[in-house]
Amino acid sequence: MEEYQSCIRALLPHMCTLAHTWFNLYASRMRYLKQHKRCMSSEEEREIKEELLSQSAEHKKAWAAWLLDKLSHDLSLQSRQDLVLTITSHKPPCCLFSNLNQHEKMHLTDCQHQGNKMWRLVMVILFKGIPLESTDGERLVHGPQCCSPVL
């Protein structure tokens with residue numbers, strides 16, 4: 001348990017404040033679309049965004065800790081350590097491997113019940129503040145330091 005807590009403590013200060021609003025607004029949009037079979041209006045979206053922005057810093061920190069805990073449980077110990085070192089700029093970016101699922105496949109990260117959100121999207125939003133709308137791979141390039149070129 002301590003290994004997860006130390007990961008969370010190390011990463012929490014590096015999370016973008018945008019992450020809480022982006023993830024929760026995106027989740028609200030998806031729930032609304034599912035319930036009403038149409039997109040929410042600009043006014044409805046603005047109201048939700050304002051509500052999210054007005055939430056307390058403690059609430060946002062608790063949400064961030066919850067998400068980091070969930071993400072860190074999906075990683076192997078070595079990948080957890082690599083993630084912390086990469087985000088804290090003590091190591092160049094590297095590949096992170098999730099634990100295998102019951103079918104022995106790397107699995108998708110399910111952030112707020114959005115199973116299509118993959119690790120790279122989650123990490124870019126959380127730590128770089130770039131809210132991508134797609135997980136398409138056209139932006140991916142091979143890093144010269146990649147320890148697993150098969151990927």
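The values are calculated or read from the model by the stated rules, or taken from the named source; none is laboratory data. Quantities reported herein were computed from a predicted structural model and do not represent experimental measurements. Because the Cβ atoms are built from the backbone with ideal geometry, glycine has one as well, and the counts that use them run over all protein chains shown. Ligands, DNA and RNA are stripped out before the accessible areas are found, and what is left, the full protein with its side chains, is counted by its heavy atoms. Shrake-Rupley method; radii C 1.70, N 1.55, O 1.52, S 1.80 Å.
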| Taking only protein heavy atoms and a 1.4 Å probe, what accessible area per residue, in Å², does region 1-56 have with all protein chains in place? | 66
| request: Provide the gained length on full extension for the span LYS70 to CYS95, in nm with one decimal, where the gain is 0.36 nm per separating residue minus the Cα-Cα distance. | output: 7.1 nm
| Taking Cα pairs under 8 Å and at least six residues apart, what relative contact order does region 28-97 come out at, in percent? | 17
| query | Amide H of LEU75: which non-local residues (sequence gap of 5 or more, or other chain) have their own amide H closer than 5 Å, using H built in the peptide plane? | reply | ASN99
| trypsin sites (Lys or Arg not before Pro) within region 38-96, DSSP loop, no more than 16 other Cβ atoms inside 10 Å | ARG38
